[in-house]
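Here is the structure we will look at.
What follows is calculated from the coordinates using simple rules that are stated; it is not laboratory data. Here the structure is a predicted model, which means the values were calculated and not measured. Positions of Cβ are backbone-derived with ideal geometry, glycine not excepted, and every protein chain shown enters the neighbour counts.
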Amino acid sequence: MSEPEPAEAVTWRSASPGITVVTVDRPPANALGLPILDGLHSAFDAAEKAGDVKVMVVESALPGFFAAGADIKHLSTIDAGTFLAYGNRMRSVNDRLAAAPWISIAAVDGAALGGGLELAMACTLRVCGPRAKFGLPEVKLGLIPGAGGTQRLPRLVGRGRALDLMLTARQVRADEALAIGLADRRTEGDVLEAALALAAEIVPSSLPAQLAVVRTVDAAFELPLADGMAYEAAQEQALFTDGEAAEGITAFIEKRPPDFA
């Protein structure tokens, strides 16, 4: 992937074959204004153009912050129509990340609040460090989490815990986030290193199969069991016709590493 100018709010680099790191850097707190939202779209554009990204790690360059949520100063200056456009821009970033043709990992070692948590939840997985804090405090502003928060949080932690977090606007730290399923791994060390280690575990396997796993697991929350089972069968069959199952099976029989794309 080609790299943007370092002064931009969002930059990206190849960490190793198949792994790209996207860094958000907009002091003081990575408020999700248009510079970050547009920058994330540009990072996704670059990854799609490169065509070789299997795992994308999203991190922050700011100590103590992943992303502090919507740009409140910006919200205070806009009308209802502009607010709708801004919300749609936030949603489009998260929806695009959630549906991306790669696995994504949020590396969180600071505040991921409001839109920042919604961005993290749009990633496939979340790795947190000891300074991580997660919360959806929108009710304190007379709003609701409107960029996927009310939909993705219950799927991760369940209805009761999701309502607890959103109605009280309280923040949870790393240990509780891991315990309730909001975070998938926790580290006492460098969170980016931990996220890259997880990415390295993911890269060797078949990406089409991994994406099929994500789709079928997501379907388990949306479809009746019989429909979900049928969808699972269709996804598995597709891996034989359009995926990398033939190479994986042949490599296993020949006792060699598979040559996945």
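See the values below:
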{"quantity": "Using θ = phi - 60° and Karplus 6.51 cos²θ - 1.76 cosθ + 1.60, couplings along segment 138-153 (whole Hz; Gly, Pro as x)", "calculated": "4, 4, 5, 9, x, 10, 10, x, x, 10, x, x, 5, 9, 7, 4"}
{"quantity": "Along each principal axis, Cα extent of segment 139-187, largest first, Å", "calculated": "34, 19, 18"}
{"quantity": "Charge context of PRO204, other residues only, Cβ under 14 angstrom, K/R +1, D/E -1", "calculated": "-2"}
{"quantity": "Relative contact order (percent, whole number), the chain, Cα cutoff 8 Å, 6+ residue spacing", "calculated": "15"}
{"quantity": "Alpha-carbon Rg/Rh ratio, for the chain, with Rh computed the Kirkwood way", "calculated": "0.98"}
{"quantity": "Convex hull of segment 117-223 built on C-alpha atoms - directionally averaged projected area, nm²", "calculated": "7.4"}
{"quantity": "Summed residue charge, Cβ within 10 Å of HIS41's Cβ, Lys/Arg positive, Asp/Glu negative", "calculated": "0"}
{"quantity": "Cα-Cα P(r), segment 10-116, percent of pairs per 5 Å interval", "calculated": "3, 12, 23, 25, 18, 11, 5, 2, 0"}
{"quantity": "All lysines inside 27 Å of LYS133 as judged from Cα atoms, apart from same-chain residues fewer than 8 positions distant", "calculated": "LYS73"}
{"quantity": "Stokes-Einstein diffusion coefficient of segment 207-253, Kirkwood radius over Cα pairs, 25 °C, 0.890 mPa s, in µm²/s", "calculated": "219"}
{"quantity": "Value of [θ]222 nm, deg cm²/dmol, for the chain, DSSP H segments ≥ 4, -39500 (n - 2.57) each, nearest 500", "calculated": "-15000 deg cm²/dmol"}
